[in-house]
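Notes follow the structure.
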Amino acid sequence: MASIAETHTGPHDGGHHESYLTAKRGIASWLTTVDHKRIGVMYLASILFFFFVGGVAALLVRTELLNPGKDLVEHAVYNQLFTLHGAIMVFLFIVPSIPASLGNIVLPLMLGAKDVAFPKMNLASYYFYVVGAILFILTIVLGGLDTGWTFYAPYSTTTSTSVISATFGAFVLGFSSIFTGINFLVTIHKMRAPGMTWDRMPLMVWALYATSLIQVLATPVIAITLLLLICERTFGIGIFDPALGGDPVLFQHFFWFYSHPVVYVMILPGFGVISELVTVHSRKGIFGYMAIAISSVAIAFIGFLVWGHHMFVAGESSLAATVFSFLTFAVAVPTAIKVFSWIATMYGGSIRYTTPMYYVFVFLFLFSIGGLTGLFLGALAVDVQMHDTYFVVAHFHYVMMGGTFIAFLGGLFHWWPKFTGKMYDERLGKLSAVLVFIGFNVTFFTQFVLGSRGMPRRYYTYQPQFHTLHEISTIGSYILTAGLLVALVTFIKSLKSGEKATANPWNGMTLEWHTESPPIEHNFAEQPICRRGPYDFPEIDESAAGARH
Amino acid sequence: MQTFSPVLIGSGGFWMPPQASTFAPNTDALFHFILWLCAIFFAGLMGATAYFGWKYKKRSDADRTSPIRGNHKLEIVWSVIPGLLLLVIFGWGFAGYREMIVAPPNAINMHITGQKWSWTMTYPNGGEDGNRLVVPINEPVKLTMSSIDVIHSFFVPAFRVKRDVIPNRYTTIWFQATELGSYPIYCTEYCGDRHSEMIGHVDVVTREEYETYLRGLAGCSEGDDLVACGERQFQRLGCGACHSVVPGQRIVGPSLAQVFGHEVSLTDGTTLTADEDYLRQSIMDPNSQIVEGFAPQMPTFAGRLDGVNLAAVIEYIKSLQ
């Protein structure tokens, strides 16, 4: 089989090297491992656990909203549930999701490296994550949190719930992000296989590179902001609370200066995953490699300059609002280029309808809606109406869940045989994609209508005209849950009784497919050398007329 | 702009609430412009996806795929055309926004105060009302807003206006109502337990009705029954958002029925009999005496309620037996 590497490593010399899963045994060998694959697996297990916790909170929220007034819980509990859902999904699931789990495992493999540049720092990153997660769990025990995941002052400086443990948790999680970011940047710069020039890097690597840049540059700002908030609550130093002489709008500037770039930390790795999936399963070179690679970095850069679009009606100056609106539209262009390029990639391909490809289709549908609805929110006059309504809730779920989460799930199906050495039941995998697609749209498309008709977010109860749409949305969330459970069953079944995976079940060209499944402890038996681009599939008919432009 | 909307339900169409201000037609026109643009682009994207997905489905292992890896002309076209359309949306959104932030000089000035979990409206004659804003039709009204606790946000969907209400500075909005009727006001910045019940309404009335309403808003005057006037103040200040007048019913604060003359246990462990002085102090400095089992979250009414009006509220609470 052709490959981008030309060394003769691979399955045939098996027997000399143990897989990373079995090379060492016992719990201690996992907890003290510096192997990026094992750390990635631990991250994967942890984020999936918190996705489950955040998901249960979401289901409770949706069930409470089935009818106006009380269905399950009281006001105070509801407010804690939506806060818990948001905070856990953002800080404990989606920010670390693709980079720290899938990225951690595939990045060194894709580069043809033995490990990341700083393996111990990688383990430290995981332990920072664990400490942050414990602080979040502690928050639930200590009286919960009811500020929303945004911690807006002065509500957060005056509420009696456990703000300090939660913000300190987010602060510690920030270090986990920074450690991963630094590690990836150095790894990409210094540890590429011989022959892997920047324009031969898989687009997943480009996406992780852009993501890491943002993590390293933006995370310190939120860390400082949360420390200031802790100082205000603990020592009564006036920074954000007007009663102490502070300014609450300052908090929002600090908060979004981090939290907007972090939106791109969440979505860029998803873009990277989709670029891999669409090429491998279409047997086609990516359309516009440089445009996709450079647009990731462009998005990372412009992403730092649009935070004010969260504050059009929050008391920022009209001039600032106008500039931020303009820059927001500027960031839409590179994003549109990516979507056009993925679709164009399928042109002239030989598309295999595998589970990962199903998820690519789901992604293209949902993310297009998520991206396009951002135009409503970027336009000043319309945002005045839509701000803090369900329209915004629907928009960011289409982007974050329809985009990042679907890409994550697609990527998990794609690399699952590599991680575990097992294949899965394709019919079950495809069924999960179909159910998730239906459930997702029923849940969230209704919320666009709710929002444009004026339904505000974070409401425990609502006026009767919104009842039917809320009912539909809640039913959709149950279908969505069923789809996710099918995916879970697919994975469990694969672990128990899945067929053994070959080294390269999808015939991918990138280097992670050029070692055994699961990979040996040190990734490659000998140093691979990169001689081609990442998407130079053998099916491509290079002799066809008008080949290159 | 009605012709843009896919289904006609009310003056805002399928998507938007009824139109009741001068801003609404422009905001809705822009909304529907973006909606149709998105619909066309989305149909194009999904149409191409579906077509390629069908046309280039894998037929056999011998399939050969196209070597195309880019096309600069096409890439420039699909960057520049959306870019220009985005500029149009930006410009249109900005034009609408500019109108919203510059109030005409002849606007009627009113003040809005947000607090957990009610709105207080202050009119040009000094009259106040709770959770109810009455404005004359076809006249510009400017609202100067502030909060006395956390951030709230003042949102009238039918007017297409929204602005955060902040504790340490004034924010303003203005509008000119165009349809008689009553429209909800929502709080759209999360502010705690009863955030979803911090709902008021705007009544758009004729000039004559507006003037009659203003005259009736003044505080207690000679010849007023003190209890009846106290009940009016109670409603106008939104006390009922947190305090029930049904015995034993708990909303956020304790019920005020059967309090006067009865024993009250406080969180500091002491017990006292509620007299006029206890009621007065609980209104002026609410957090100095917290009833057992409740959190200290009531704002002070010092400066907003005094003289005969304070006396009237106390007499009204006394009457709740």
* Structure fact -> Listed by chain and number, the lysines with an alpha carbon less than 23 angstrom from that of A:Lys496, same-chain partners under 8 positions apart left out, are A:Lys24, A:Lys37, A:Lys418, A:Lys422, A:Lys430
* Go through A:Gly498, A:Leu409, A:Val56 and say which Cα lies farthest out towards the positive end of the charge dipole of the range A:33-535; charges sit on Cβ, +1 for Lys and Arg, -1 for Asp and Glu. => A:Gly498
* Can you give the angle from 0 to 90° between the axis of helix B:72-101 and the longest principal axis of chain B, with both taken from C-alpha atoms, to the nearest 10? -> 20 degrees
* To do: Could you point to the residue in B:Pro25, B:Leu37, B:Val161 farthest towards the positive end of chain B's charge dipole, with +1 and -1 charges on the Cβ of Lys/Arg and Asp/Glu respectively?
  => B:Leu37
* Go through B:Leu143, A:Val41, A:Leu213 and say which Cα lies farthest out towards the positive end of the charge dipole of the protein assembly as shown; charges sit on Cβ, +1 for Lys and Arg, -1 for Asp and Glu. => A:Val41
* Asked: Where a Cα-Cα gap under 22 Å defines reach, which lysines qualify for A:Lys70, not counting those fewer than 8 residues away within the same chain?
  -> B:Lys116
* **chain B, relative contact order [Cα under 8 Å, separation at least 6], %** => 14 percent
* To do: Count, for each residue of B:161-172, the Cβ atoms from other chains sitting within 10 Å of its Cβ, then give me the mean as a whole number.
  => 6
* **Interatomic Cα distance distribution for the range A:131-208, bins of 10 angstrom, percent** => 17, 32, 18, 18, 13, 3
* **Potential lengthening between A:Glu542 and A:Arg352 on full extension [0.36 nm per residue; Cα-Cα distance subtracted]** => 66.4 nm
* Structure fact -> Most packed first (mean Cβ within 10 Å per residue), the peptides A:94-102, A:326-334 order as A:94-102, A:326-334
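Relative to the Cα centre, what is the charge dipole magnitude of chain B, using +1 at the beta carbon of each Lys and Arg, -1 at the beta carbon of each Asp and Glu, and rounding to the nearest 20 debye?
Computed about the Cα centre, the dipole is about 2340 debye.
Checking the a/c ratio against 1.5 first, then a/b against b/c, what shape does the Cα gyration tensor give for the range A:33-535?
On the way: a/c = 1.56, a/b = 1.41, b/c = 1.11.
The shape class here is prolate.
Report the accessible surface area buried between chains A and B, summing both sides, using a 1.4 Å probe on protein heavy atoms only, in Å² rounded to the nearest 100. Could you put the intermediate results ahead of the total?
Details: alone 21230 and 18150 Å², together 31660 Å².
In total, this chain pair buries about 7700 Å².
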* To do: Measure out, as a whole number of angstrom, how far apart the alpha-carbon centroids of the range A:459-517 and the range A:168-246 sit.
  => 28 Å
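Considering only DSSP beta bridges with both partners in the protein assembly as shown, what is the antiparallel share in %, to the nearest 5?
Of all bridge pairs located within the protein assembly as shown, approximately 75 percent are antiparallel.
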* **Distance (nanometres) between label positions extended 7 Å along Cα→Cβ at B:Ala295 and A:Leu428** => 4.4 nm
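Return the FRET efficiency for the residue pair B:Ile81, A:Arg532: r is the Cβ-Cβ distance, R0 is 35 Å, and the value is rounded to the nearest 0.05. Intermediate results must be reported in sequence, preceding the final value.
Numbers: r = 34 Å, r/R0 = 0.97.
After rounding to 0.05, the efficiency reads 0.55.
Can you give the average number of partner chain beta-carbon atoms within 10 Å of each beta-carbon in peptide A:283-290, as a whole number?
Details: counts 6, 6, 6, 2, 7, 7, 2, 3.
If you average over the peptide's residues, the count of other-chain Cβ atoms is 5.
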* Set of lysines with alpha-carbon distance to B:Lys73 below 17 Å, sequence-local pairs under 8 removed -> A:Lys338
* Whole-number percent relative contact order across the range A:33-535, with pairs defined as alpha carbons under 8 Å at least 6 apart -> 18 percent
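Sorted by mean Cβ packing within 10 Å, highest first, what order do the peptides A:232-241, A:58-67 take? Numbers along the way, then the final one.
On the way: A:232-241: 16.8, A:58-67: 18.9.
Those peptides, ordered most packed to least, come out A:58-67, A:232-241.
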* To do: Kindly provide log₁₀ I(q)/I(0) values, in the same order as q = 0.06, 0.08, 0.10 Å⁻¹, from the Debye equation applied to equal alpha-carbon scatterers of the protein assembly as shown.
  => -0.44, -0.75, -1.09
* Set the Förster distance to 56 Å, then compute FRET efficiency between B:His72 and A:Leu485 from the Cβ-Cβ distance, nearest 0.05. => 0.75
* Once you have a ≥ b ≥ c as the square roots of the Cα gyration tensor eigenvalues for the range B:188-228, tell me rounded if a/c is under 1.5, and otherwise prolate or oblate according to whether a/b is larger than b/c. => oblate
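Give the carbon-plus-sulfur fraction of the accessible surface of chain B in %, rounded to a whole number; probe 1.4 Å, heavy atoms of protein chains only.
Details: 8250 of 14200 Å².
Result for chain B: 58 percent of the exposed heavy-atom area is carbon or sulfur.
Scanning chain A for helices, which whole DSSP H stretches are 15 Å or more long along the axis (Cα) and average 1.6 or more by Kyte-Doolittle?
On the way: long enough: A:36-64 (41 Å, 1.24); A:75-87 (18 Å, 0.18); A:119-141 (34 Å, 1.47); A:163-190 (41 Å, 1.41); A:203-235 (47 Å, 1.71); A:248-282 (50 Å, 1.05); A:289-302 (20 Å, 2.23); A:318-346 (44 Å, 1.58); A:355-378 (34 Å, 1.66); A:406-420 (20 Å, 0.69); A:426-452 (39 Å, 1.08); A:467-497 (45 Å, 0.96).
Qualifying helices: A:203-235, A:289-302, A:355-378.
Quick one: accessible area per residue over the range A:33-535, 1.4 Å probe, rounded to a whole number of Å²? Could the numbers behind the result be given before it?
Values: 14380 Å² over 503 residues.
Roughly 29 Å² per residue, with all protein chains present.
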* Considering chain B, which cysteines have no disulfide-compatible partner, defined as another cysteine with its Cβ under 4.7 Å away? -> B:Cys38, B:Cys187, B:Cys191, B:Cys239, B:Cys242
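Can you give the FRET efficiency to the nearest 0.05 for B:Glu209 and A:Thr468, using r as the Cβ-Cβ distance and R₀ = 30 Å? Show your work: numbers first, answer last.
Details: r = 34 Å, r/R0 = 1.14.
With a Förster radius of 30 Å, E is 0.30.
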* Run the dipole for chain A about the Cα centre, Lys and Arg Cβ at +1, Asp and Glu Cβ at -1, nothing else charged, and hand back the magnitude in debye, nearest 20. => 620 debye
* Asked: For peptide A:202-210, how many partner chain Cβ atoms fall within 10 Å of a residue's Cβ, on average?
  -> 0
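The values are calculated or read from the model by the stated rules, or taken from the named source; none is laboratory data. Just so we're clear, the structure is a prediction, and the values are computed from it rather than from any experiment. Glycine also receives a Cβ, built like all others from the backbone with ideal geometry; neighbour counts cover every protein chain displayed. What goes into the accessible areas is simple: the full protein's heavy atoms, side chains included, and nothing from ligands, DNA or RNA. Shrake-Rupley method; radii C 1.70, N 1.55, O 1.52, S 1.80 Å.
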